[in-house]
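One structure is given here, and the rest of the page talks about it.
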Amino acid sequence: MKLTLRMVLRLIFGDEYMRLLLHTSSDNPGVNGLPHSSVDILNSEGNLATRRWYDADGRAVRDVDMTNHGNPKIHSEWPHEHFWDWSSGIPVRS
């Protein structure tokens, strides 16, 4: 069996670290998070609105929005993806 990074982290730090890697937030967690983690962003009703993934440096790289943001002309399908561009030094979500 090939060990993944998550398997190694779980062996070293236990389940508490894994709980931190996959967590939820009712507030916008921002563009920086734990490396190799994700966060579920909940709306005011407690439903999943967005899932955000962070890269090895803890920078947001991908969001999946579960709604069309009330704008079906731009987002006719949902869920849909947004990617983060860090090339200018300032994060920009597509």
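Annotations
- Options Leu42, Leu20, Leu48, Leu34: the member that is modelled with pLDDT under 80, surrounded by 10 or more Cβ atoms within 10 Å (Cβ to Cβ), within 18 Å of the chain's Cα centre (by Cα) and under 30 Å from Gly89 (Cα atoms): Leu20
- Unmet criterion (only one of (1) modelled with pLDDT of 85 or more; (2) surrounded by fewer than 10 Cβ atoms within 10 Å (Cβ to Cβ); (3) charged (D, E, K, R)) for Asp27: (1)
- Complete set of residues in region 51-85 that are in contact with a His (Cβ under 9 Å, 6 or more places away or on another chain), hydroxyl-bearing (Ser, Thr, Tyr) and at pLDDT below 90: Thr67
- Strands (runs of 3 or more DSSP E) wholly inside region 20-94 containing at least 2 residues that are among the aliphatic types (A, V, I, L, M): 38-42, 48-54, 60-65
The values are calculated or read from the model by the stated rules, or taken from the named source; none is laboratory data. Keep in mind that this is a model prediction, so the values were computed, not measured. Every residue, glycine as well, gets a Cβ built from its backbone with ideal geometry; the counts of neighbours run over all protein chains shown.
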